[in-house]
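**Student:** The structure that follows is given in the form of structure tokens.
Quick note: the coordinates plus some simple rules give every number you see, no bench work behind them. For clarity, every value in this text was computed on a predicted model and none was experimentally measured. Neighbour counts are summed over all protein chains in view; Cβ atoms, including those assigned to glycine, are modelled from backbone coordinates with ideal geometry.
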Amino acid sequence: MGSAEDAQANGPFPPAFSPQFDALFEAFRAACPSFSAIDDAAKPDWAGEPHPLGYIRVAALARHLERLVEAGDLDQVVSALGVLEGTLASDPDEYLRTLLVEGLIEDLQNACLRSGGRVRLVDVRALLGPRSTNAWDETMLLWHGPAAEAKKVLPPGSLP
């Protein structure tokens, strides 16, 4: 979690950056080498920013992972989701946790839902570790209501 100084400086908002951000993205790039070219191509969009644009980069990663699942290239997906799981398990600061849950997980769910059934939520959920699965389920319930209601509108297997 962020420090008391972070909370005081940011008010009700989470910190705008994490000192661990660069290491996180280097880990994602190493785990999913095909993402590196996409990330590098976007650098002109955020060059000169005081902090790399986390939500833009994590959204690009989510869309890329969805395309890899669709193509059946699961090795890189599993590796990248391992970085997600390991980071969540390490008790990350508030910025990274929010970036991973409200950024990566939510964007990955949306990419699956927009795939027209080519990438099923249940298949991606099955690749997650326990902490990531918990965050995935909480996010699904946040957007789609209580489990009984959510199960009526989501594809089968989207929730336990």
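**Student:** May I ask you to list the GluC sites (Glu not before Pro) in the stretch 69-127 that are in a DSSP loop and have at most 14 other Cβ atoms within 10 Å of their Cβ? It would help to have the intermediate numbers written out before the result.
**Tutor:** Working: sites: 70, 85, 94, 102, 106; in loops: none.
Passing both the DSSP loop test and the Cβ count: no residue.
**Student:** Spelling out what I want: for every residue of the stretch 129-134, take phi, set θ = phi - 60°, compute 6.51 cos²θ - 1.76 cosθ + 1.60 (Karplus), and round to whole Hz; glycine and proline get x.
**Tutor:** Once θ is set to phi - 60°, the couplings for the stretch 129-134 become x, x, 5, 5, 4, 4 Hz.
**Student:** Per DSSP H run of at least 4 residues, take -39500 (n - 2.57); add these up for the chain, divide by its residues and hand me the 222 nm value, nearest 500 deg cm²/dmol. Write down the numbers at each step before the final one.
**Tutor:** Numbers: 10 runs with 107 residues, N = 160.
Computed ellipticity for the chain at 222 nm equals -20000 deg cm²/dmol.
**Student:** For the stretch 137-150, take each phi angle, set θ = phi - 60°, evaluate the Karplus expression 6.51 cos²θ - 1.76 cosθ + 1.60, and give the result in whole Hz per residue in order, putting x for glycine and proline.
**Tutor:** Here the 3J(HN,Hα) series is 5, 4, 5, 4, 5, 4, 8, 10, x, x, 3, 4, 6, 4 Hz.
**Student:** Computed from the coordinates I sent, semi-axes √(5λ) of the Cα gyration tensor in Å equals one of [x] 22, 19, 16; [y] 65, 17, 10; [z] 26, 21, 14. Tell me the label.
**Tutor:** Checked against the structure: label [z].
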